Amino acid sequence: MIDAKIPAGPLDDKWTEYKGHCKLVNPANKRKLEVIIIGTGLAGASAAASLGELGYKVKAFCFQDSPRRAHSIAAQGGINAAKNYQNDGDSVFRLFYDTIKGGDYRAREANVHRLSEVSSNIIDQCVAQGVPFAREYGGLLSNRSFGGTQVQRTFYAAGQTGQQLLIGAYQALERQVALGNVKMYNRHEMLDIVNIDGKTRGIIARDLVSGKLERHFGHAVLLCTGGYGNVFYLSTNAMGSNVTAIWKAHKKGAAFANPCFTQIHPTCIPVSGDHQSKLTLMSESLRNDGRIWVPQQKGETRKAIDIPEEERDYYLERRYPAFGNLVPRDVASRAAKERCDAGFGVGTSKQAVYLDFADAILRYGKIEVGKEGRENVSEEEIIVLGKEVVKEKYGNLFDMYEKITGENPYELPMRIYPAVHYTMGGLWVDYELQTTVKGLYCLGEANFSDHGANRLGASALMQGLADGYFVIPYTVGNYLADEIYSKAIPTDHPAFVEAEKAVADRIDTLMNIKGSQSVESLHKRLGKIMWDKCGMARNAEGLKQAIEEIKALKKEFWSDVKIPGIINEYNPELDKANRVADFIELGELMCVDALNRNESCGGHFREEYQTPEGEALRDDANYMYVAAWELKSEGNWELHKEPLNYDVIKPTQRNYK
Amino acid sequence: MEHYNMNLTLKIWRQKNKNDKGGFQSFQVKDISSEMSFLEMLDVLNEQLIHEGQDPIAFDHDCREGICGMCSLYINGKPHGEWKGNTTCQLHMRAFKDGETITIEPWRASAFPVIKDLIVDRTSFDRIIQAGGYISVNTGNAVDGNSLPINKDRADASFAAAMCIGCGACVAACKNSSAMLFLSAKVAHLALLPQGEPERHSRVMNMVAQMDKEGFGACTNTGACEATCPKEISISNIARLNLEYLTASIVAEK
């Protein structure tokens, strides 16, 4: 079942060889071939635009009111590329190496190398589209560094890089809409895929405004629907981000790979109370200047500014002198949790650590004074100048922090705590981004392919756009070249009728439960189980309990959920119920996967498997594989193992000390 | 930050669908924490309504971190509420006091028809972008990113315009329901960059024509758009748009 179809030959040549030999479709035939794309974030919008440009007939779907709203828009920090504009030793190999190492040796070499190869093209493409990246005074592109690397390869647009890249892709998409190559379906949700004779041939979608179900045919279907972090209820994902599309695909035969690999981002604004509906990230770029610390004394009650320097524990600098505050996300998150669990946390909840800019403000202030050649400048004045510099660099993030917390981070250190941010797991795909179902592809965060067990900062934007702009136009062509004889299948085909009926029946069932608990309250309970037992730290005992609890919750959901309103109207509660029902099933699989993986790697930390210093302890002999789960029947999965062969990189214990 | 709890009266616009006439309905919410976001307060109300067997309030929202542009409430007569440079999702309840009455309406503009309750249809914005809000460059056509240096000030000004989140608050704030700030932000973003040069004239002409076709009103320079814009997009972009339009009209051969 599992064949990654990695091209033969040396790693450096694989993608070039593939492109040189894959099948092509002539322009006249492209017009007859229809491609359905679900999701319009970086992966979906870039794929829709690129395939539209090539001449395919594209239909793109998003649940939001416009493709420009997709959650890629919220990415703050930046996008990596191996340009080596800074002359600091970067190269395609180095980006490839850092990504594999950052992923704790659980990603496929060939995919990651390709990602690294095309990274430079992405920057060029975006600049050509008019993406206003940050520039230096000489007019050239600016770079900054990001966690887990020692070179400056991150391109950015203030703290809004995702927004600018998505607007670029969105505009390219809208251009194709205007040219008639892409038809856009806003406020639509995919509720099932339709397979005919072993190939995916279309989807069932629901028009969220009218509530009506629609059938759409496609010679190929591309799922670009992002991550499933909302299984934890609280995450940095958008409220609507969901697993439904890829979960439906999973139920129709697509294997789900490494579902338990979740990224917990170290710098988010802490939870303030039970009313909390989502968590907000503070960009990793803040760690370039901010220093993370907790008090040395347990149960400290003084305010941060009253705690003298020698009574503070800069624990990342202490534990990891080489990388300090710039260690990768999984390492930083765990270290924060360790300190808080040990009783050193700060703030009312004690579930937070400080991210402090006082030193950076002073340092920048002194540089400004030095530039002006002044002497005998008071510390107050230095601080004023330093704050100006910090404002220029991080102003929008500081403003956001203040709006949410009501505290001024220029005066007081920020309080931060890790939060669910990204899911490395996703549908299993081969080298061509095809799932285990023919004709069904998966791009971007929704697939599992490039980040192993931990994603490095500024790599998600890179992967989304690599998949959409530069990979899928080749690989889907290689499949569609054999489809030129397949005429569009009419949507009154029994497979469409049957799939639509199954979707309608499920919606009817949901609406008719008429129980007593709201969707939201059940989702919250699922989130708590997942966070407590399948979150930053896991153990076998807890995971077994979680599986039982989720099974019970599932029963409760299907017997006691309360959904107001009717089917044929705009009914956000019904949309949410559809999604939460899928999250519950996914939650179980995540725990099954976490329980199966008797090792710690990247973001997957099993308490039983750690070094004496508390670092993740991998077991390469037994677990150097991708866990691809095939659904056999409800709550019953078969594990397929894709061994990971490292031909070029020699796995070692990750060391950031 | 000291926090407190409050009881509030909410006067909310209800409208079943685009054909319904709609009207206000009042609700009471209790023990709202000052630490909640405005939308979390509405979540509390909706949970309450669901338990009482009533229809919850439909409102658009997604990222809840001020960047997707989906949230769109007209709060006490102001798009996105009282706070300057802010979206509804980032408005927090410490902006309100115990016992207050809050009036919540959808965006009001004929080019933004109401879909349900507080949700409006903003696809007219997408169609304005389709008319020319892009640079015509196919994937794979690009040269090296550093082959074309761009003056930093111009790049920064372009970025400042490109920060627009397409929420439509500018339209909602304008007494004429003009979309000039939205449109000008896109025109300025692209006109300030050398990449935007080849399509400079056709872009502005086509986008303005589409804006008129969608039924947005004219700009009378009152500046309500700039004052309400959550991303503080400058009204000077409208001056640039007018200049671009004038130049394009003069050189237009068509």
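The values are calculated or read from the model by the stated rules, or taken from the named source; none is laboratory data. Here the structure is a predicted model, which is why all the values come from computation and not from measurement. All Cβ positions, even for glycine, are placed from backbone atoms using ideal geometry, and neighbour counts span all protein chains on display.
Annotations
- Residue list for the range A:361-406, filter: β-branched (Val, Ile, Thr), away from every other protein chain (no Cβ under 14 Å) and under 40 Å from the mean Cα position of the chain (by Cα): A:ILE361, A:ILE367, A:ILE382, A:ILE383, A:VAL384, A:VAL389, A:VAL390
Quick grid of which residues meet (1) buried (at least 20 other Cβ atoms within 10 Å of the Cβ); (2) outside any loop (DSSP other than H, G, I, E, B); (3) assigned by TED's automatic domain parsing to the domain that holds B:LEU73; (4) out of contact with any Phe, Trp or Tyr (no Cβ under 7 Å at 6 or more places or on another chain):
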| position | (1), (2), (3), (4) |
| --- | --- |
| B:PRO198 | no, yes, no, yes |
| B:ASN206 | no, yes, no, yes |
| B:THR222 | no, no, no, yes |
| B:LEU241 | yes, yes, no, yes |
| B:GLU244 | yes, yes, no, yes |
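- Qualifying residues in the range A:31-43 (those that are touching a residue at least 60 places away in the same chain (Cβ under 8 Å) and more than 14 Å from chain B (Cβ to nearest Cβ)) - the one surrounded by the fewest Cβ atoms within 10 Å (Cβ to Cβ): A:LYS32
- When A:LYS183 is tested against (1) closer than 30 Å to A:GLU34 by Cα; (2) at the interface with chain B (Cβ under 10 Å from one of its Cβ atoms); (3) touching a strand residue (DSSP E or B) at 6+ places or on another chain (Cβ under 9 Å), only condition (2) is not met.
- Screening A:THR301 on (1) touching a residue at least 40 places away in the same chain (Cβ under 8 Å); (2) over 24 Å from A:MET424 (Cβ atoms) shows it passes everything except condition (1).
- The test for being among the β-branched types (Val, Ile, Thr) and either loosely packed, with under 15 Cβ neighbours inside 10 Å or farther than 16 Å from A:ALA128 by Cβ (or both) holds for B:ILE165.
- Of all residues making up the range A:1-28, the number that are crowded, with 16+ Cβ neighbours inside 10 Å and touching a His at 6+ places or on another chain (Cβ under 6 Å): 2
- Within the range B:24-68, if we keep just the residues that are over 18 Å from B:PRO79 (Cβ atoms), more than 8 Å from chain A (Cβ to nearest Cβ) and among the aliphatic types (A, V, I, L, M), the residue that is surrounded by the most Cβ atoms within 10 Å (Cβ to Cβ) turns out to be B:ILE32.
- Out of A:ASN230, A:ASN258, A:ASN288, A:ASN237, one residue alone is within 22 Å of the chain's Cα centre (by Cα) and surrounded by fewer than 24 Cβ atoms within 10 Å (Cβ to Cβ). It is A:ASN288.
- Any hit, the range A:459-473, residues being assigned to a loop (DSSP other than H, G, I, E, B) and surrounded by 24 or more Cβ atoms within 10 Å (Cβ to Cβ): yes
- All conditions but one from (1) within 13 Å of chain A (Cβ to nearest Cβ); (2) under 23 Å from B:GLY168 (Cα atoms); (3) not polar (S, T, N, Q) apply to B:LYS21; the one that does not is (1).
- Elements of the type helices (runs of 4 or more DSSP H) sitting completely within the range A:310-395 and holding at least 2 residues that are exposed (fewer than 14 other Cβ atoms within 10 Å of the Cβ): these cover A:358-372.
- Among residues that are surrounded by fewer than 24 Cβ atoms within 10 Å (Cβ to Cβ), at positive phi and within 12 Å of chain A (Cβ to nearest Cβ), B:GLY140 is included.
- Candidate set from the range A:403-447 (those that are outside any loop (DSSP other than H, G, I, E, B) and of a type in the set (S, T, N, Q)); member that is modelled with the lowest pLDDT: A:THR405
- Filter result for B:ALA179 (more than 17 Å from B:PRO230 (Cβ to Cβ) and crowded, with 16+ Cβ neighbours inside 10 Å): no
- From A:GLU109, A:GLU136, A:GLU189, residue being more than 30 Å from A:LYS57 (Cα to Cα), in contact (Cβ under 8 Å) with a residue 40 or more places away in the chain and surrounded by fewer than 24 Cβ atoms within 10 Å (Cβ to Cβ): A:GLU109
- Restricting attention to the range A:164-180 and to residues that are polar (S, T, N, Q) and either within 17 Å of B:VAL187 (Cα to Cα) or without any contact (Cβ under 8 Å) to a residue 60 or more places away in the chain (or both), the residue that is nearest to the other protein chains (Cβ to nearest Cβ) turns out to be A:GLN171.
Conditions (1) over 23 Å from A:ALA238 (Cα atoms); (2) under 14 Å from the mean Cα position of the chain (by Cα); (3) without any contact (Cβ under 8 Å) to a residue 60 or more places away in the chain; (4) assigned to a loop (DSSP other than H, G, I, E, B), marked per residue:
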{"site": "B:GLN54", "(1), (2), (3), (4)": "yes, no, yes, yes"}
{"site": "B:ILE57", "(1), (2), (3), (4)": "no, no, no, yes"}
{"site": "B:GLY69", "(1), (2), (3), (4)": "no, yes, no, yes"}
{"site": "B:SER72", "(1), (2), (3), (4)": "no, yes, no, yes"}
{"site": "B:TRP83", "(1), (2), (3), (4)": "no, no, yes, yes"}
{"site": "B:CYS89", "(1), (2), (3), (4)": "no, yes, yes, no"}
{"site": "B:ASP98", "(1), (2), (3), (4)": "yes, no, no, yes"}
{"site": "B:THR103", "(1), (2), (3), (4)": "yes, no, no, no"}
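- Of residues in the range B:224-239 being surrounded by 17 or more Cβ atoms within 10 Å (Cβ to Cβ) and assigned to a loop (DSSP other than H, G, I, E, B), the one farthest from the other protein chains (Cβ to nearest Cβ): B:ILE235
- Within the range B:152-200, tally of residues that are within 14 Å of chain A (Cβ to nearest Cβ) and polar (S, T, N, Q): 2
Each row is one residue, and each column tells you yes or no for (1) within 28 Å of A:ASN258 (Cα to Cα); (2) of a type in the set (Asp, Glu); (3) at the interface with another protein chain (Cβ under 7 Å from one of its Cβ atoms); (4) assigned to a loop (DSSP other than H, G, I, E, B).
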residue	(1), (2), (3), (4)
A:PHE63	yes, no, no, yes
A:GLN76	yes, no, no, yes
A:ALA82	yes, no, no, yes
A:GLN86	no, no, no, yes
A:THR99	yes, no, no, no
A:VAL118	yes, no, no, no
A:ILE122	yes, no, no, no
A:PHE133	no, no, no, yes
A:GLY139	no, no, yes, yes
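- Any hit, the range A:229-238, residues being away from every other protein chain (no Cβ under 14 Å) and more than 30 Å from A:VAL327 (Cβ to Cβ): no
- Hey, A:ASN571 crowded, with 21+ Cβ neighbours inside 10 Å and in contact (Cβ under 8 Å) with a residue 40 or more places away in the chain or not: yes
- Under the condition of being touching a residue at least 40 places away in the same chain (Cβ under 8 Å) and over 18 Å from A:GLY425 (Cα atoms), the residues counted in the range A:616-633 number 2.
- Some residue of the range A:213-222 being under 20 Å from the mean Cα position of the chain (by Cα), crowded, with 22+ Cβ neighbours inside 10 Å and not aromatic (Phe, Trp, Tyr): yes
- The single condition among (1) hydroxyl-bearing (Ser, Thr, Tyr); (2) closer than 30 Å to A:GLY229 by Cα; (3) more than 11 Å from chain A (Cβ to nearest Cβ) that B:SER110 does not meet is (2).
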